[in-house]
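Below is one structure, written out as structure tokens; the observations come after it.
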């Protein structure tokens, strides 16, 4: 496969702009991660893993993610970068940690995770989470 045929990781990431102030978004996630059993926040079959890292130079927060794609496939290691977009909005980027096959399941799972997380932070004091049968 030539270099031009290999997708770069940036093209396989997911973006969202949430109409929630950055400090509010980060505080909610940090609270949920600290109060969940084992520092894991489950959204569907996907997990966000504590601790939330803080890049003091950029102000960005980072959370490790295990993205659930299909029942018989192992979760995919990803990271969620959270950054200030404006005074009233937060930017999210879900980035794969290795090259992935861009399947419909992959794109569905990534969109679902970001949509569920943003909806939970926007509308609920506690996220609607589901516990995996394996946990």
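Things to note:
- Residue in the range 52-69 that is at pLDDT below 90 and under 19 Å from residue 116 (Cα atoms) present: yes
- Some residue of the range 16-31 being farther than 18 Å from residue 91 by Cβ, modelled with pLDDT of 85 or more and in contact with a helix residue (DSSP H, G or I) (Cβ under 8 Å, 6 or more places away or on another chain): no
- Every residue from the range 47-96 that is under 18 Å from residue 17 (Cα atoms), assigned to a strand (DSSP E or B) and free of Cβ contacts under 8 Å to residues at least 60 places away in the same chain: 61, 62, 63, 79, 80, 81, 86
A quick yes/no check of all residues on (1) crowded, with 19+ Cβ neighbours inside 10 Å; (2) over 12 Å from the mean Cα position of the chain (by Cα); (3) modelled with pLDDT under 90:
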residue	(1), (2), (3)
47	yes, no, no
82	yes, no, no
89	no, yes, no
99	no, yes, yes
123	no, yes, yes
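- Any chance residue 17 is over 23 Å from residue 123 (Cα atoms), in contact (Cβ under 8 Å) with a residue 40 or more places away in the chain and surrounded by 12 or more Cβ atoms within 10 Å (Cβ to Cβ): no
The values are calculated or read from the model by the stated rules, or taken from the named source; none is laboratory data. These numbers were taken from a predicted model, which means no experiment stands behind them. Positions of Cβ are generated from backbone atoms using ideal geometry, with glycine treated the same way; all protein chains shown enter the neighbour counts.
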